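Read the structure below first, then the notes.
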Amino acid sequence: MEALTGNTFYFDIEVKLMEWIQSTLGPTGAGIVSSFSALGEEFFLILLLAFTYWCYDKKVGERIGSVLILGTIINPLIKNIFWRRRPYFDHETIECYRPLDKKHDLYDIAAQGLSFPSGHSTNAAIAFGFIALEVKKRWVTILCCCIIFLVGFSRVAVGVHYPTDVLFGWISGFFCIWLLAFLRNKVPEEKTWLLYLVIFLLSCLGLFYCKTTDYFTCLGLVGGIYGAFEFEKRFVHFKNTKNPLICIMRIFCGVAVYLILNAVLKLPFNKDFLESGTLLAGVVRSIRYLIVSFVTVGVYPFSFRLTDK
C-alpha cells in the first residue's frame with residue numbers, strides 16, 4: 001500500500017494561537033484540558049446512546065443516534081477530500097499531548113488520522129446540542145454550550161487540531177442536527193427507513209475515494225444501526241426501564257456483546273490482511289461493523305423481554 005502523506009494548509013494566526021495556548025497551559029495544563037476530549041470520543045457516545053435508547057426513551061434514543069451516526073460518516077467523507085495533516089506534523093513548536101493511536105508512530109498519518117474537520121468537535125456539538133434542544137432549560141443549555149466549547153478547545157490545546165478544524169467540526173455537528181430534524185418533518189414516520197436507506201447509499205460514495213479505516217468503520221455503523229432501528233420497530237418492541245439495576249445490566253451486557261462479537265468476526269481473517277489498507281479489507285471491516293452494530297442495537301434487545309413487565 002502506498003504511504004499516506006496528506007496536505008498542509010493553515011492560517012499563520014492558527015499556529016500562533018496554538019503556540020500561545022500550549023505555552024500558557026504547559027504540559028500539565030494541557031493534560032488537564034485534554035480530559036475534556038473524552039466527552040467527544042466513541043466510548044462516551046456509545047454509553048450515551050445505549051442509556052438513551054435502551055433505558056430512557058427509545059424514540060429520543062433513535063433521534064439522537066441517527067444524528068450521531070450521520071455526523072460520524074460525514075466526518076471521514078470530508079476528511080478524505082481535504083487530507084489535512086495534523087498541526088504537530090508540520091510545526092515543531094506544537095506538541096502532541098493526546099495522540100489518536102498510542103501504539104503507532106506519532107507521525108504515522110494512517111494511524112493518527114487526518115485533521116480537518118475535528119470529529120470530537122462534531123460529536124460534541126451533536127450530542128450536547130441535541131441534549132440542550134431536548135431538555136430546553138437555560139442552565140442545561142449553558143452547560144452544554146460550555147462542554148461543546150471545552151471539547152473543541154481541548155483538541156487545539158493538545159496539538160491535534162487547528163482552530164479551523166474545530167470550528168468546522170462544530171458547524172458540521174449543528175448542521176447534522178438541523179438536517180435530520182428538517183428531513184424528519186418532511187418524511188412520514190413510517191417512511192423513516194427510506195431516509196436511512198438514502199443516507200446509507202450516499203455514504204457508499206466514499207468507496208470511490210476514501211482510504212482511511214475510520215470511513216469503513218463508520219459506513220458499517222450507518223448500515224447496522226439504521227437497520228437496527230427499523231428492525232426493532234417491526235420485530236422487537238422492547239420497553240424502556242427506569243430500574244437502575246436493569247439499566248446497568250442492559251448497558252454492560254450490550255457493550256460485552258459488541259466487543260465479543262467484534263473479536264469473533266475478526267478470527268477468520270489474517271491480521272496482516274485486516275491492517276493492509278486495501279479496498280477489500282475496508283469492505284470486510286464495514287461488513288463486520290454492520291453485523292456487530294445491527295446485532296447489538298437491533299437483535300440483542302430481544303433479551304430485554306426477560307425483564308419487561
Exercise. The list (1) 63, 44, 31; (2) 76, 42, 35; (3) 60, 51, 38 gives values of Cα extents along the principal axes in Å, and only one came from this structure; which label was calculated from it?
Worked result: (3)
Exercise. In a GNM of the chain with a 10 Å cut-off on Cα contacts, which of K79, K58, K137 has the highest mean-square fluctuation?
Worked result: K137
Exercise. Between R84 and residues 5 or more places away or on another chain, which pairs have amide H atoms under 5 Å apart, with H built 1.01 Å from N, and which residues are they?
Worked result: N7, S115, F116
Problem set entry | Where labels lie 7 Å past Cα in the beta-carbon direction, separation of F11 and K242 in nm | 5.0
Exercise. Rounded if a/c is under 1.5, else prolate if a/b is larger than b/c, else oblate: which is segment 88-210, with a ≥ b ≥ c the root eigenvalues of its Cα gyration tensor?
Worked result: oblate
Exercise. Under 30 Å from the Cα of K233, which lysines turn up, not counting those fewer than eight places away in the same chain?
Worked result: K58, K59, K136, K186, K191, K242, K266, K309
Seminar exercise, completed: Between D272 and M249, the two model label points (7 Å from Cα along the beta-carbon direction) sit apart by a distance in nm of 4.7
For this session: Round to the nearest 0.05 the FRET efficiency obtained for S35 and F82 when R0 = 30 Å and r is the Cβ-Cβ distance.
Result: 0.60
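Within the chain, which DSSP H helices have Cα atoms that stretch 18 Å or more along the helix axis and a mean Kyte-Doolittle hydropathy of at least -0.5?
Long hydrophobic helices here: 12-34, 58-82, 119-135, 138-157, 163-186, 213-231, 244-266, 279-294.
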Exercise. Could you work out the helix-only [θ] at 222 nm for the chain, with each DSSP H run of four or more residues adding -39,500 (n - 2.57) and the total divided by the number of residues, to the nearest 500 deg cm²/dmol?
Worked result: -21500 deg cm²/dmol
For this session: Take the chain, connect every pair of alpha-carbon atoms lying under 10 Å apart with a spring to form a Gaussian network, then pick out the residue of R155, R138, R85 with the largest mean-square fluctuation.
Result: R138
For this session: Using a Gaussian network model of the chain whose springs link C-alpha atoms within less than 10 Å, name the residue from V236, V198, V15 with the highest mean-square fluctuation.
Result: V198
Exercise. Using 7 Å Cα-to-Cβ label points, what is the W193/W139 separation (nm, one decimal)?
Worked result: 4.4
Problem set entry | Viscosity 0.692 mPa s, temperature 37 °C, Stokes-Einstein D of segment 1-106 from Kirkwood C-alpha radius, µm²/s | 196
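Take the Cα pairs of segment 223-291, get the Kirkwood Rh, then feed it into Stokes-Einstein at 4 °C and 1.567 mPa s and tell me D in µm²/s. Can you show the working numbers first?
On the way: Rh = 14.4 Å.
Once the numbers are plugged in, D ends up at 90 µm²/s.
All of the numbers you see were taken from the coordinates with simple rules; none came from a lab. Computed from a predicted model, the values in this text were never measured in an experiment. Note that we place each Cβ from the backbone using ideal geometry, even for glycine, and neighbour counts take in every protein chain shown.
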